[in-house]
Each structure stands twice: as C-alpha cells, then as structure tokens.
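Have a look at the structure below, then the notes.
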Amino acid sequence: MTAPPRAWWKTWPAWAAMAAIAVVCLAVGVARERGPSTQAERVDAIARTIKCPPCAGESVYESRHPTARAIRTDIARQIREGRSDDAVRADLASRFGDDVVLVPSASGVEGLLWVLPVVAAVLAGAGLFVAFRRWRRLEPVRDPTDADRELVTRALAEEAAGVEH
C-alpha cells in the first residue's frame, strides 16, 4: 500500500524555500568581488596561496621569516614585470617544489580535488532523496492479527518442547 499523494498546497512552501535559497546563493556568487584590483592586493592574494618553505604550516603572507619576506618581494617583482598569478605560482613551485603551493589549480587532475566533494554531496543528497521516498511508500505497521499471535505461540511452544526446525 502506498501513501496517498500530498496535495500541492502542502508541499509548495518547501519548494519555495529551496528556490529562494538558490536565488540568494546565485546573487551572492554574482555580486562577490572578482579578485584583487591593485598590485599590493595581488601580491597578498598570491602570498596567501604559497607555503613558507622553512615555516611549519604558515603561508608566505602570514610568516615573518626572512625567506617569506624574500618570496613576497620576488612575487611583487614578478607582478611588476607583468606576469600572471598562475605564472608566478608556477615559478615558485619550480624553485621550491610543488608542495609549496597551498591551493591546487582548478585544472587537470588537481581539478578533481575541487569537483569530487561537490559530486559526493550531490550523490549523497540524491541517495537520501531516494531513500526517503521509499520509506514514505512503505506500508504502515499494523497490529498483529490472531493468526500472527497463534503462529508465535506455536513457535514458542515448539521451542520449549525442544523441537528443532
């Protein structure tokens, strides 16, 4: 036995709330700042994504180590020369090793690091949706009938008598 279909006026508030959340998320994404606008902001943005080689767990932006200062100066020089942010990161990675880059690029195999969590969340949501739909369609639990009670009584009596099944 399946559950009776719900009337549209009972489910529309949930759909309206989801649509409102989607619109707000899209509006925030569109209105968000596109990135650094000055050279100093670009230097800071790149320095936040580069790990300080001698420091434990600090970015070049956070660290006060002399090596970090030298790397920030080098980043500023490369930006003045007109190099792109990705080119600056690639240059630093070639000199200090790939593990110096704290934020993986969004292309190639490293792009999977950005995509896989989203895919997993979507699949988990779809799985929950399917599970909830199935659970809602299950027959409701009914009280035991006289035949059910007799079957249990007979099984208990056979077990007490030592009869094997």
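Annotations for the structure displayed:
- Filtered by the rule that a residue be more than 19 Å from Pro53 (Cβ to Cβ), open to solvent by 60 Å² or more (accessible area, probe 1.4 Å) and assigned to a helix (DSSP H, G or I), the stretch 95-117 gives Gly108, Val109, Glu110, Leu112, Leu113, Trp114, Val115, Leu116, Pro117.
- The set of residues in the stretch 67-85 being outside any helix (DSSP H, G or I) and of a type outside the set (Asp, Glu) consists of Gly82, Arg83, Ser84.
- Single unsatisfied condition, Ala120 versus (1) part of a helix (DSSP H, G or I); (2) open to solvent by 90 Å² or more (accessible area, probe 1.4 Å): (2)
- Any hit, the stretch 54-65, residues being among the aromatic types (Phe, Trp, Tyr) and in contact (Cβ under 8 Å) with a residue 40 or more places away in the chain: no
- If you go through the stretch 134-152 and keep only what is assigned to a helix (DSSP H, G or I) and open to solvent by 90 Å² or more (accessible area, probe 1.4 Å), you end up with Arg134, Trp135, Arg136, Arg137, Asp146, Arg149, Glu150, Leu151.
- Residues that are open to solvent by 40 Å² or more (accessible area, probe 1.4 Å), closer than 15 Å to Pro54 by Cα and out of contact with any Asp or Glu (no Cβ under 9 Å at 6 or more places or on another chain), drawn from the stretch 67-94: Thr67, Arg69, Ala70
- Criterion: over 30 Å from Arg142 (Cβ atoms), open to solvent by 50 Å² or more (accessible area, probe 1.4 Å), modelled with pLDDT under 75 and not hydroxyl-bearing (Ser, Thr, Tyr) - qualifying residue of Glu62, Glu33: Glu33
The values are calculated or read from the model by the stated rules, or taken from the named source; none is laboratory data. Owing to the predicted nature of the structure, the values given are computational and were not obtained by experimental measurement. When we count neighbours, we look across all protein chains shown, and the Cβ atoms used for this are built from the backbone with ideal geometry, even at glycine. Surface accessibility is based on the protein's heavy atoms, side chains included, excluding ligands, DNA and RNA. Shrake-Rupley method; radii C 1.70, N 1.55, O 1.52, S 1.80 Å.
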